[in-house]
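Below: the structure, in structure tokens.
The values are calculated or read from the model by the stated rules, or taken from the named source; none is laboratory data. In this text the structure is predicted, and so the values were computed from the model without any measurement. Glycine also receives a Cβ, built like all others from the backbone with ideal geometry; neighbour counts cover every protein chain displayed.
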Amino acid sequence: MACTTILVGKDASYDGSTIIARNEDSANGEFNPKQFLVIKPEDQPRRYKAVISHVEIDLPDDPMQYTSVPNADRKEGIWGEAGVNEANVAMSATETLTTNERVLGADPFVELVPARGDEPEVPGGIGEEDFLTIVLPYVRTAREGVARLGALLEEYGTYEMNGVAFSDADEIWWLETVGGHHWIAKRVPDEAYVTMPNQLGIDEFDLDDALGDQNDHMCSEDLAEFIEENHLDLAVESTSPFNPRDAFGSHSDSDHVYNTPRAWWMQRFLNPYDEVWDGPEADHGPENNDIPWARQPERKVTIEDIKYVLSGHYQGTPYDPYGRLGDERTRHMYRPIGINRQSQLAVMQIRPYRPQANRAIQWMAYGSNPFNTLVPFYPNVNETPAYLADTTTRVTTENFYWANRVIAALCDGAFADTANAVDRYQQKTGAMGHRLVAATDEQVARLGLTDAEVEAESAAEAEFEADNVDGDVQPLEPDDIIEAVRNEEVRSILAAANQTMADQLKTETEKLLDSVLYTRSMAMKNGFHMSDF
């Protein structure tokens with residue numbers, strides 16, 4: 001899948017949260033309707049079989065509840081993509097990456113081999129279809145997410161290159177697959193954000209740390225030997241840091257059209273004054289191979305910033321297909337971030353200053369980002385609102401996905417005429433979302449989940465970590481400490497907030513649809529200005 005990711009460390013975000021966000025974009029010529037669901041432990045498979053690769057995996061018998069954003073049409077599998085589990089661990093899977101022939105020659109993809117004659121079928125490895133379902137229900141920290149997915153990759157292999165994000169209240173980790181069985185993962189610096197546009201991104205990696213203390217790096221156990229035996233390290237100086245982007249990634253002509261411009265535009269927006277971004281004297285241009293993987297922003301990054309960059313179509317540059325700068329050639333040179341075949345955008349915010357019960361927010365948008373809106377939902381509930389959950393393959397404005405698809409198709413051909421209506425819709429619904437979160441947090445706080453109780457949770461978690469050095473102590477359930485008695489009451493409050501958000505969202509979305517439909521109807525070529533009598 002062609003996607004775009006941004007990760008924001010806790011010291012770079014506006015409120016101290018860790019934030020991971022990604023557009024899920026379908027393949028060219030395809031549109032995938034999406035649902036937003038809560039998967040309960042009793043509904044989680046114990047033996048999983050992939051539709052694409054036919055690989056079968058036994059799963060643990062103690063899954064946690066989690067959210068998922070699966071395809072409405074399961075003909076190619078689940079494709080859960082983005083979710084938060086009961087331990088407030090978030091996962092975004094996946095960002096499709098690029099690689100090179102040297103890597104694939106050394107460690108080929110594990111692809112399905114169909115049965116032929118007397119030869120039985122040989123299943124393939126795991127991929128984007130599978131990752132969220134087989135990992136997220138079983139991990140209690142972002143670091144555990146990396147370890148579990150890494151172990152699965154080493155055991156089963158993969159048939160594609162992917163990047164996967166994990167976050168908890170304290171850390172964000174980014175994992176990249178390398179060939180069929182190898183992988184690397186790096187902790188996102190707390191003070192930085194990361195941009196990922198379908199290209200292998202990590203540009204500096206400490207192998208000693210990854211194979212030792214694993215403070216900020218992790219990798220497959222034999223990665224050092226794999227690099228050396230296959231001559232993958234391209235550093236000229238032996239003292240230079242290892243650069244995975246050079247070793248494992250690509251620098252093709254198509255990257256300069258499809259990938260690097262997106263990283264350039266996102267960082268141009270978030271760091272406008274740090275360097276020269278435009279013209280012949282630019283420090284980094286849209287086709288540069290060395291745009292940093294991580295960068296400290298010039299100001300704290302907000303939810304609205306994330307929505308803006310993940311809706312980007314090169315505003316303010318000659319490359320904007322809706323703009324007035326440049327010409328017809330430049331306006332279609334580069335692949336936009338906010339593209340027509342967006343399926344969904346999930347922004348997962350883990351807030352360390354809230355109790356476990358309402359610590360996580362999963363912001364959701366469906367359809368093409370320049371024309372949709374991003375609104376918050378609490379994932380720790382028993383079910384999600386029907387307006388987002390009940391998407392089918394039938395076109396109907398009774399659900400959020402299809403309403404946004406219709407709005408985007410109407411607005412695209414009349415961007416200037418509909419832009420004000422879309423802007424008003426986005427601002428109004430966004431403000432509604434922030435207001436609802438604040439009111440809901442206050443309502444939960446009135447139940448007695450005080451700051452002292454939050455500190456008690458943190459102390460208990462720290463005690464568990466200290467006692468679990470050898471990994472042989474069963475983890476504490478967060479609600480064992482404070483929330484056992486109140487859990488269903490809290491979930492009821494959060495579910496009511498989600499339903500209120502969905503109801504208000506439906507009202508405002510229908511108003512926008514009415515507005516843009518009127519605008520486009522009045523501009524139809526068969527119109528006539530003399531009234532009929």
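Summary table
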read-out: Subset of segment 81-140 (residues that are in contact with a Cys (Cβ under 7 Å, 6 or more places away or on another chain) and polar (S, T, N, Q)); value: Thr96
read-out: First in segment 370-384 and more than 17 Å from Thr440 (Cα to Cα), second anywhere and modelled with pLDDT of 95 or more and acidic (Asp, Glu), Cβ under 9 Å, 6 or more apart; value: Pro370/Asp412; Phe371/Asp412; Thr373/Glu508; Leu374/Glu304
read-out: Number of positions in segment 27-78 that are of a type in the set (Phe, Trp, Tyr) and buried (at least 20 other Cβ atoms within 10 Å of the Cβ); value: 2
read-out: Single unsatisfied condition, Glu24 versus (1) under 30 Å from Arg245 (Cα atoms); (2) of a type outside the set (Phe, Trp, Tyr); (3) outside any strand (DSSP E or B); value: (3)
read-out: Cβ-Cβ under 7 Å pairs, at least 6 apart or on other chains, segment 9-21 side touching a residue at least 60 places away in the same chain (Cβ under 8 Å), far side among the aromatic types (Phe, Trp, Tyr); value: Gly9/Tyr193; Ala12/Tyr193; Gly16/Tyr353
read-out: Among (1) surrounded by 16 or more Cβ atoms within 10 Å (Cβ to Cβ); (2) over 23 Å from Ala21 (Cα atoms); (3) out of contact with any helix residue (DSSP H, G or I) (no Cβ under 8 Å at 6 or more places or on another chain) - the single one Thr317 does not satisfy; value: (3)
read-out: Where Val454 falls short, out of the listed (1) loosely packed, with under 14 Cβ neighbours inside 10 Å; (2) modelled with pLDDT under 95; (3) not acidic (Asp, Glu); value: (1)
read-out: Options Gly117, Gly180: the member that is buried (at least 19 other Cβ atoms within 10 Å of the Cβ) and over 30 Å from Glu298 (Cβ atoms); value: Gly180
read-out: Residue satisfying all of: in segment 253-279; of a type in the set (A, V, I, L, M) and touching a residue at least 24 places away in the same chain (Cβ under 8 Å); nearest to Leu200 (Cα to Cα) among these; value: Ala263
read-out: Filter result for Leu310 (under 26 Å from Ile19 (Cα atoms) and modelled with pLDDT of 95 or more); value: yes
read-out: Residue in segment 301-308 that is among the acidic types (Asp, Glu), surrounded by fewer than 20 Cβ atoms within 10 Å (Cβ to Cβ) and in a loop (DSSP other than H, G, I, E, B) present; value: no
read-out: Matching residues, segment 18-37, being out of contact with any Phe, Trp or Tyr (no Cβ under 9 Å at 6 or more places or on another chain) and within 16 Å of Glu95 (Cβ to Cβ); value: Arg22, Asn23, Asp25, Ser26, Ala27
read-out: Count of segment 88-132 residues which are without any contact (Cβ under 8 Å) to a residue 40 or more places away in the chain, in a loop (DSSP other than H, G, I, E, B) and among the charged types (D, E, K, R); value: 1
read-out: Where a residue in segment 177-194 is within 17 Å of Gly124 (Cα to Cα) and its partner, wherever it lies, is acidic (Asp, Glu) and surrounded by fewer than 23 Cβ atoms within 10 Å (Cβ to Cβ), with Cβ under 6 Å and at least six apart; value: Gly179/Asp107; Gly180/Asp107; His181/Asp107; His181/Glu154; His182/Asp107
read-out: Odd one out for Ala282 among (1) without any contact (Cβ under 8 Å) to a residue 24 or more places away in the chain; (2) surrounded by 18 or more Cβ atoms within 10 Å (Cβ to Cβ); (3) not in a helix (DSSP H, G or I); value: (2)
read-out: Test: residue in segment 77-87 that is of a type in the set (S, T, N, Q), within 30 Å of Thr393 (Cβ to Cβ) and touching a residue at least 12 places away in the same chain (Cβ under 8 Å); value: yes
read-out: Segment 490-533 - residue that is acidic (Asp, Glu) and surrounded by 13 or more Cβ atoms within 10 Å (Cβ to Cβ) and, of those, farthest from the chain's Cα centre (by Cα); value: Glu510
read-out: Candidates Phe242, Phe226, Phe248 - the one that is within 19 Å of Glu176 (Cα to Cα), without any contact (Cβ under 8 Å) to a residue 60 or more places away in the chain and surrounded by 18 or more Cβ atoms within 10 Å (Cβ to Cβ); value: Phe242
read-out: Unmet criterion (only one of (1) outside any loop (DSSP other than H, G, I, E, B); (2) under 15 Å from the mean Cα position of the chain (by Cα)) for Trp79; value: (1)
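The rows are residues; the columns are (1) at pLDDT 95 or above; (2) in contact with a Gly (Cβ under 9 Å, 6 or more places away or on another chain); (3) crowded, with 24+ Cβ neighbours inside 10 Å; (4) farther than 19 Å from Lys40 by Cα.
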site: Arg331; (1), (2), (3), (4): yes, yes, no, yes
site: Arg341; (1), (2), (3), (4): yes, yes, no, yes
site: Arg354; (1), (2), (3), (4): yes, no, no, yes
site: Val381; (1), (2), (3), (4): yes, no, no, no
site: Ala386; (1), (2), (3), (4): yes, no, no, no
site: Arg394; (1), (2), (3), (4): yes, no, no, yes
